[in-house]
Amino acid sequence: MQGLQALLDDVWAELQGRDERGEVATYIPELAKIDRGKFGIAVATPEGDTFCAGDADEAFSIQSISKVFVLTLALGRLGDTLWQRVGREPSGTAFNSIVQLEHERGIPRNPFINAGAIVATDVVLAGHEPREAIGEILRFAQFVADDDSIRIDPDVARSESDTGFRNRALANYMSAFGNLKHPVEKVLGVYFHQCAIAMSCRQLARAGLFLATGGCMPITGQNVISSRRARRINALMLTCGHYDGSGDFAFRVGLPGKSGVGGGILAIAPGKASIAVWSPGLNANGNSMLGSLALEGIAQRAGWSVFGP
Ligand code: GLN
């Protein structure tokens with residue numbers, strides 16, 4: 001294998017010139033302003049190195065990638081009883097699908113579609129005011145990234161709240177089935193802010209490292225979660241992390257991954273690396289087009305796959 005830095009430089013250079021990059025999400029008006037030409041890659045390794053290419057130090061809206069952090073916190077609160085309120089099966093539907101929720105009587109398919117993530121947020125909110133829960137989620141992202149400079153973009157949070165009709169529908173629907181314990185507006189206030197956390201690829205790759213190393217932060221030696229829980233979160237990322245594009249992502253990339261409509265993807269190569277990519281243009285499933293191709297290239301060249309050597 002060539003050196004990791006050279007590998008990233010090659011993958012970045014090969015894709016950077018590409019015209020077909022998908023469309024930037026417009027349903028959150030603040031995200032529509034982002035330059036489609038941005039493209040960053042970062043890889044963090046258990047040895048403590050971080051390799052970067054392109055716009056790897058520019059912060060972007062992590063959006064649904066925050067669902068990984070909030071699931072980790074919700075499991076810390078409830079343990080396995082969380083699974084009474086949210087399933088663990090791929091949805092095969094869009095991230096904001098309402099139809100499925102009716103069939104399944106208010107129990108979302110998995111914690112990575114919006115409905116499931118809203119339940120996880122409701123769990124983290126227990127015993128707190130929304131402001132405190134938002135602080136807890138932000139501090140967790142800062143802790144695992146080992147970087148206190150990470151912030152929430154209030155304009156993105158407001159923009160999403162102003163247009164968050166579908167998420168309000170999902171939340172109200174689950175409340176009707178008794179699957180939210182707090183008022184819809186409080187839960188969504190937290191949810192919109194967690195989605196508006198802004199991180200660079202470098203920060204995100206470092207933040208994901210605990211999932212690549214059996215639940216501990218290799219640099220500081222601190223334990224975040226058990227290795228069993230880390231394996232399970234990775235399993236859910238593999239099967240559910242890309243909505244109805246999860247099967248294709250597993251086929252092409254072969255690694256657990258979680259995407260966000262801001263154009264970021266966090267992928268985990270267990271034992272080897274945590275990888276973050278960002279390109280705001282999305283494919284039809286709402287996943288970063290260039291980001292998916294970059295991960296495919298990196299995984300292939302580095303020989304990283306959970307399915308075999
Ligand atoms: N904040 C976005 C939403 O709720 C997150 C969706 C995503 O990143 N796929 O619509």
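Remarks
- Taking the criterion of being within 16 Å of the ligand (Cβ to nearest atom) and either closer than 20 Å to I233 by Cα or of a type in the set (D, E) (or both), the residues of segment 125-146 that qualify are I137, L138, A141.
- For segment 180-202, the criterion of being surrounded by fewer than 16 Cβ atoms within 10 Å (Cβ to Cβ) and not acidic (D, E) is satisfied by at least one residue.
Residue-wise test of (1) over 30 Å from G3 (Cβ atoms); (2) touching a strand residue (DSSP E or B) at 6+ places or on another chain (Cβ under 9 Å).
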position: T26; (1), (2): yes, no
position: K33; (1), (2): yes, no
position: E47; (1), (2): no, no
position: G54; (1), (2): no, yes
position: D57; (1), (2): no, yes
position: Q63; (1), (2): yes, yes
position: S66; (1), (2): yes, yes
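- Test for A198: is it under 25 Å from N234 (Cα atoms) and away from the ligand (no atom under 14 Å from the Cβ): no
- From G262, G291, G281, residue being surrounded by 21 or more Cβ atoms within 10 Å (Cβ to Cβ), modelled with pLDDT of 95 or more, touching a Phe, Trp or Tyr at 6+ places or on another chain (Cβ under 6 Å) and of a type outside the set (S, T, N, Q): G262
- Residue in segment 167-181 that is more than 17 Å from K67 (Cα to Cα), touching a Lys or Arg at 6+ places or on another chain (Cβ under 7 Å), in a loop (DSSP other than H, G, I, E, B) and away from the ligand (no atom under 16 Å from the Cβ) present: yes
- Within segment 14-37, considering residues that are farther than 16 Å from E58 by Cβ and out of contact with any Gly (no Cβ under 9 Å at 6 or more places or on another chain), the one surrounded by the fewest Cβ atoms within 10 Å (Cβ to Cβ): D19
- Qualifying residues in segment 48-105 (those that are within 15 Å of the ligand (Cβ to nearest atom) and part of a strand (DSSP E or B)) - the one surrounded by the fewest Cβ atoms within 10 Å (Cβ to Cβ): F60
- For segment 148-176, the set of residues classified as out of contact with any His (no Cβ under 6 Å at 6 or more places or on another chain), crowded, with 16+ Cβ neighbours inside 10 Å and closer than 30 Å to C216 by Cβ consists of I150, D153, listed by residue number.
- For first residues located in segment 76-93 and closer than 17 Å to L125 by Cβ, partners that are part of a helix (DSSP H, G or I) and lie 6+ apart or on another chain with Cβ distances below 6 Å form the pairs R77/V123; L78/V123; L82/A74; L82/L75; R85/V119; V86/G116; V86/V119.
- Annotation note: Cβ proximity below 9 Å between a residue of segment 289-309 that is free of Cβ contacts under 8 Å to residues at least 24 places away in the same chain and a residue that is part of a loop (DSSP other than H, G, I, E, B) and not acidic (D, E) (sequence gap 6+ or interchain) occurs for Q300/V253; Q300/G254; G308/G254; P309/G303.
- Scanning segment 106-160 for residues that are part of a helix (DSSP H, G or I) and acidic (D, E) turns up D122, E132, E136, D155, E160.
- Residues located in segment 14-47, provided they are of a type in the set (D, E, K, R), within 16 Å of the ligand (Cβ to nearest atom) and assigned to a loop (DSSP other than H, G, I, E, B): E30
- Segment 238-259: number of residues that are over 16 Å from L71 (Cβ atoms) and buried (at least 24 other Cβ atoms within 10 Å of the Cβ): 3
The values are calculated or read from the model by the stated rules, or taken from the named source; none is laboratory data. Everything numeric in this text was worked out from a predicted model, so none of it was measured. Note: ideal-geometry Cβ built from the backbone for every residue, glycine included; neighbour counts use all protein chains shown.
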